[in-house]
Amino acid sequence: MGELASLTLSDARDKLRAGDITSREITEDCLASIEAASELNAFSQVTADKALGMADAADARLKAGDAPDLCGAPLGIKDLFCTEGVNSQAASNILTDFKPQYESTVTSQLWRDGAVMLGKLNMDEFAMGSSNETSAYGPVTSPWRRPESNTPLTPGGSSGGSAASVSADLCLAATGTDTGGSIRQPAAFTGIVGVKPTYGRCSRWGIVAFASSLDQAGPMTKSVRDGAIMLKAMTGHDPKDSTSADIAVPDFEAALTGDIRGKTIGIPKEYRLDQMPEEIEALWADGRAMLSDAGAKIVDISLPHTKYALPAYYIIAPAEASSNLARYDGVRYGARADLVAADGVEDMYQKTRAQGFGDEVKRRIMIGAYVLSAGYYDAYYLRAQKVRTLIKRDFEQVFADGVDAILTPATPSAAFGLGEVGGDDPIQMYLNDVFTVTVNLAGLPGVAVPTGTNSEGLPMGLQLIGRPWEEADMLNTAYALEQAAGFAAKPDRWW
Amino acid sequence: MSVDKDTVRRVAHLARIDVDEAALEPLSKELSAILSFAEQLAEVNVDGVEPMTSVTPMALKRRQDEVTDGGIQDKILANAPDTREGFFAVPKVVE
């Protein structure tokens, strides 16, 4: 068990096309691996019958020839994506039993290309969290452990189920979404690749909204090549999302030559934090050397407003969330609180939202309501939007100066234990996003690549930030980094 | 910036979330901590800076104002907690 489930998308594609294996065989192996890994709590729902039906259809298509790259590849889907007839709850009790009557654009494109849906993946509630601990399904446990230790570690969040299931070889790849780092941080924590494309590259239609000006879907995969393959299937213009870009989608995989000679890579000095572990510092220095050895020119750059990205994010994202989550009122979908005869419509709203939302979601909705309320709008929200302009301008300046991509650590540390961070102090958890959140605010593409392990054998990753719409070039640099780093660590199976 | 219990009560009402009296105090601490963290933004000189309203410089597309779907009442109502005669049903709104 697990041999076929451990394949990369590219290897599976080649073997499927050659007729060496069938999609049904890979799918059955994934389903068996998922069943054996229930301790990880990575899947919130397994759609075995649907998966086998889709696998058989993919096998027929492969036999007929000319099948797309993803044809027959079993994938996990983050619970934030609406999937027709299959519960989609954003890991929230307020969407208990919600069965969408439609399919999100991104997932419909994956099925169009013949991919197979294994089920839905656990996540932080409404994608609000960095450790997968805010989920109504309970936390996901990382397949990684510290040596000689049973302490459960976080896979990161919010796409924690996606990260754990790809890392533990329960599926070939998974979808994620990234509003402040929710693809890249869990990818770094679990030793996989996570791509957050340029804002507007993937349609947001049918993805449960958190913060609409920041949310982007992207692939979480076992290699940069897989990220390129899956990204191509997920992207493209969609008239149903007015912010979806009507520009051509390049062949990202064809761009992976590994040749980065003459490219200019920026190293932003503001990403060097005072209390950053030495291991992260060393990882970053190694990455710099790898890209330099591959022929890139390394330059020091400055992104002066970096420090203000997290505070601006924690105004803007909650403001958008409070507006987006106003729709959960117990009327049109989801769960309604039990009411007594005297309750009016106002009581229904207040009780339904009190029962349905978890603590972190409530906090963010209330912060959002506060910063948008009369008397505080200018001081908080408007100011944060102006700071956001400055953060974006920082990036525009370095790109105008000839920088092709920016190299940073993906996270300020390796994975931590469940329950170890946060508690009474929500800010501690927010600091996880310190290196990733700037990218969302500026609408840029970013990718996390695993490049090393810490002294405890836990994975650590670096982030590359690309120019807008130049994911292909960014992924090629990521490919060069991946080749040089040769990261091959896998979690020891304990589950 | 510190948020007192009354402010939490007001914000909870704005957000239509029932909050127990006992939960107001801890919430006021948590919300105050988040807002204090955001206070750093006051250091930034934003004179003459336009607020960001569009992530990428693109003009919104226009299309003909015409009906493109409809006739799916059953799908619209399929997930509702309570429906009557083809409508969403809610508790009494007016006395």
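Points to keep in mind about this one:
- Accessible-area order (highest first, 1.4 angstrom probe) of the listed residues A:28, A:270: A:28, A:270
- Using a simple spin-label model with pseudo-atoms 7 Å out from Cα toward Cβ, residue A:300 and residue A:285 lie 1.5 nm apart.
- Unsatisfied cross-links (Cα-Cα over 32 Å) in the set A:50/A:392; A:15/A:240; A:362/A:386; B:61/B:92; A:15/A:196: A:50/A:392; A:15/A:240; B:61/B:92
- Centre-to-centre, using Cα atoms only, the stretch A:422-495 and the stretch B:32-59 are separated by 25 Å.
- A 1.4 Å probe run over the stretch A:336-495, with the rest of the protein chains in place, finds 34 Å² accessible per residue.
- When only the Cβ of Lys, Arg, Asp and Glu is charged (+1, +1, -1, -1), the dipole of the protein assembly as shown relative to its Cα centre reaches about 880 debye.
- Rounded to the nearest 100, the interface formed by chains B and A buries 5100 square angstrom of accessible surface, both chains summed, with a 1.4 Å probe.
- Fully extended contour minus Cα-Cα distance, from residue A:489 to residue A:101, at 0.36 nm per residue: 135.6 nm
- A:271, A:349, ranked by accessible area, largest first (probe 1.4 Å): A:349, A:271
- Rounded to whole Hz, the Karplus (6.51, -1.76, 1.60) HN-Hα couplings of the stretch A:409-422, x for glycine and proline: x, 7, 9, x, 7, 7, 4, 10, x, 4, x, 7, 10, x
- Over the C-alpha trace of chain B, radius of gyration and Dmax come out as 22.5, 58 angstrom.
- Loop-located GluC sites (Glu not before Pro) in the stretch A:418-490 whose Cβ has at most 15 other Cβ within 10 Å (DSSP): A:420, A:456
- Rounded FRET efficiency, nearest 0.05, which uses the C-beta distance separating residue A:150 from residue B:49 and R0 of 51 Å: 0.50
- Accessible area (Å², 1.4 Å probe, nearest 10) - residue B:41: 10 Å²
- Spin-label model, residue A:346/residue A:278: points 7 Å from Cα along the beta carbon direction are separated by 6.1 nm.
- Taking label positions 7 Å along the Cα-Cβ direction at both residue A:374 and residue A:240, the computed distance is 3.9 nm, reported to one decimal.
- Shown here for the stretch A:377-479: trypsin sites (Lys or Arg not before Pro) in loop regions (DSSP other than H, G, I, E, B) with at most 10 other Cβ atoms within 10 Å, of which there are none.
- Once you reduce the stretch A:343-405 and the stretch A:4-51 to the center of their Cα atoms, the two points are 38 Å from each other.
- Residue of B:72, B:34, B:17 that the Gaussian network model of chain B assigns the largest fluctuation, springs spanning Cα pairs under 10 Å: B:72
- Taking every alpha-carbon pair under 8 Å whose residues sit at least 6 apart, the stretch A:307-384 reaches a relative contact order of 45 percent.
- Diffusion constant of chain A at 4 °C, which comes from Stokes-Einstein with the Kirkwood Cα-pair radius and 1.567 mPa s, µm²/s: 58 µm²/s
- Listed residues B:26, B:49, B:59: farthest to the positive end of the dipole of chain B (Cβ charges): B:59
- Within the stretch A:261-302, the trypsin sites (Lys or Arg not before Pro) that combine a DSSP coil assignment with at most 16 other C-beta atoms in a 10 angstrom radius are A:261, A:272.
- Our coupling estimate for the stretch A:363-373, obtained by passing each phi through the Karplus curve with A = 6.51, B = -1.76, C = 1.60 and θ = phi - 60°, is 4, 5, 4, 5, 4, x, 4, 5, 6, 9, 7 Hz, Gly and Pro reported as x.
- Taking a ≥ b ≥ c as the square roots of the eigenvalues of the Cα gyration tensor, the stretch A:307-384 is prolate, since a/c reaches 1.5 or more and a/b is larger than b/c.
- Rounded to the nearest 10 Å², the accessible area of residue A:444 at probe 1.4 Å: 10 Å²
- Solvent exposure of chain B as accessible area per residue, Å², 1.4 Å probe: 71 Å²
- Protein heavy-atom surface of the protein assembly as shown, 1.4 angstrom probe: 47% of the accessible area is carbon and sulfur, with nucleic acids and ligands not counted.
- Among A:194, A:381, A:31 the positive-end extreme of the charge dipole of the protein assembly as shown (Cβ point charges): A:381
- Relative contact order of the stretch A:441-493, defined on C-alpha pairs under 8 angstrom at six or more residues apart (%): 36 percent
- Of the residues making up the stretch A:421-444, those losing 20 Å² or more of accessible area when the isolated chain is joined by the remaining protein chains, with a 1.4 Å probe, are A:426, A:427, A:430.
- Whether the stretch A:305-451 is rounded, prolate or oblate, judged on the alpha carbon gyration tensor where a/c under 1.5 counts as rounded: prolate
The values are calculated or read from the model by the stated rules, or taken from the named source; none is laboratory data. This one's a predicted model, so the numbers in the text were calculated from it and none came from an experiment. Methodologically, a virtual Cβ is constructed for each residue, glycine included, from the backbone with ideal geometry; neighbour enumeration extends over all protein chains shown. With ligands, DNA and RNA removed, areas are computed over all heavy atoms of the protein, side chains included. Shrake-Rupley method; radii C 1.70, N 1.55, O 1.52, S 1.80 Å.
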